[in-house]
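See below for the structure under consideration.
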Amino acid sequence: MQFILACKLVAYTLTYFPVKGRCGALKMMLADNGQQLKENLVTIEDWMKGDLKGSCLFGQLPKFEDGDLVLYQSNAMLRHLGRKHDAYGKSVCEASRIDMMNDAVEDLRLKYLKLIYQEYETGKEAYCKDLPNHLKPFECTLSKSKSGFLVGEQISFVDYNLFDLLLNHKVLCSSCLDSFPALKSYVDKIAARPKIKALLECEKFKKLPINGNGKQ
């Protein structure tokens, strides 16, 4: 695609809380592409002081830096890295389909976050019961995929995003993929990629809580 850039090894910088949260997919994508990441971890105490929050464009983290470029929205970060690391499809049509699928992933992530932060005690059972309805479109897409990825013949940024979210859901409801063979195979396929496998097995990464309130 015209916007794919030749990219050498660079050190990106991520400022975020000590959780996987919104940055699990980003870390997996960078690891899979052999990219270095410098992390600035922010405690809740430091965040509540207000100075850092006041300096952030939208008053929130994560903050991602690529040289002089500063980004604040996690999906914008994934799209940026997709353009730089040949993970945004091979045509305009593929890029549009990737955007569509990523919007669907974001829809599910927002439902998940609402459960985690607002309705965990009262809504977990109903959420898990309804989850298959939200997984079916991804199962349908993958069951028709010859490559095993959501769009096109190679992995794209939306695959890292969906993979990360599916891992979260497997913690929430361990049997959630039992009726979805394509999704189960998809998770196994991405988890087996050597650099992602190494990240998932890294003690530092494993010790990070999924969410900021300790619920998962």
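Would you check if there is a residue in segment 71-83 being free of Cβ contacts under 8 Å to residues at least 12 places away in the same chain, part of a strand (DSSP E or B) and surrounded by 12 or more Cβ atoms within 10 Å (Cβ to Cβ)?
Scanning segment 71-83, I find at least one residue that is free of Cβ contacts under 8 Å to residues at least 12 places away in the same chain, part of a strand (DSSP E or B) and surrounded by 12 or more Cβ atoms within 10 Å (Cβ to Cβ), so the answer is yes.
It is to be established whether one or more residues within segment 23-37 are within 24 Å of ALA192 (Cα to Cα) and surrounded by fewer than 11 Cβ atoms within 10 Å (Cβ to Cβ).
The answer is yes; a qualifying residue exists.
When only residues in segment 38-61 that are within 22 Å of the chain's Cα centre (by Cα), among the polar types (S, T, N, Q) and over 30 Å from PRO194 (Cα atoms) count, which is surrounded by the fewest Cβ atoms within 10 Å (Cβ to Cβ)?
Taking the candidates together, the pick is THR43.
As an exercise: evaluate VAL42 against (1) closer than 15 Å to ALA11 by Cα; (2) touching a Phe, Trp or Tyr at 6+ places or on another chain (Cβ under 6 Å); (3) of a type outside the set (D, E, K, R) and give the number of the one condition it does not meet.
(1)
Of the conditions (1) under 18 Å from GLY21 (Cα atoms); (2) without any contact (Cβ under 8 Å) to a residue 40 or more places away in the chain, LYS63 clears all except one; give me its number.
The one condition LYS63 does not meet is (2).
Taking the stated definitions as given, is ALA182 in contact (Cβ under 8 Å) with a residue 24 or more places away in the chain, of a type in the set (Gly, Ala, Ser) and under 26 Å from LYS38 (Cα atoms)?
Answer is no for this residue.
If GLU119 satisfies every condition in (1) among the charged types (D, E, K, R); (2) loosely packed, with under 12 Cβ neighbours inside 10 Å; (3) more than 23 Å from SER74 (Cα to Cα) but one, which is the exception?
Answer for GLU119: the failing condition is (2).
Select from segment 64-113 the residues that are under 15 Å from the mean Cα position of the chain (by Cα) and basic (Lys, Arg) and list them in ascending order.
ARG79, ARG109, LYS111
Please pick out the residue among ALA95, ALA126 that is at pLDDT 95 or above and either farther than 25 Å from GLY152 by Cα or hydroxyl-bearing (Ser, Thr, Tyr) (or both).
Result of the check over ALA95, ALA126: ALA126.
State which residue is nearest to the chain's Cα centre (by Cα) when the search covers only segment 172-185 and only residues that are more than 19 Å from PHE149 (Cα to Cα) and surrounded by 12 or more Cβ atoms within 10 Å (Cβ to Cβ).
Step by step, filter segment 172-185, then rank; the result is LEU172.
Rundown of residues vs (1) closer than 19 Å to HIS85 by Cα; (2) of a type in the set (Val, Ile, Thr), yes/no style:
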{"site": "PRO132", "(1), (2)": "no, no"}
{"site": "LEU135", "(1), (2)": "no, no"}
{"site": "SER143", "(1), (2)": "no, no"}
{"site": "ILE155", "(1), (2)": "yes, yes"}
{"site": "LEU162", "(1), (2)": "yes, no"}
{"site": "LEU167", "(1), (2)": "no, no"}
{"site": "CYS176", "(1), (2)": "no, no"}
{"site": "SER185", "(1), (2)": "no, no"}
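If only one of SER91, SER145, SER96 is in contact (Cβ under 8 Å) with a residue 40 or more places away in the chain, over 20 Å from ILE196 (Cα atoms) and of a type in the set (S, T, N, Q), which one is it?
SER91
Is one or more of the residues making up segment 151-170 exposed (fewer than 15 other Cβ atoms within 10 Å of the Cβ) and touching a Ser or Thr at 6+ places or on another chain (Cβ under 6 Å)?
yes
The values are calculated or read from the model by the stated rules, or taken from the named source; none is laboratory data. Here the structure is a predicted model, which means the values were calculated and not measured. We place every Cβ from the backbone using ideal geometry, glycine too, and count neighbours over all the protein chains shown.
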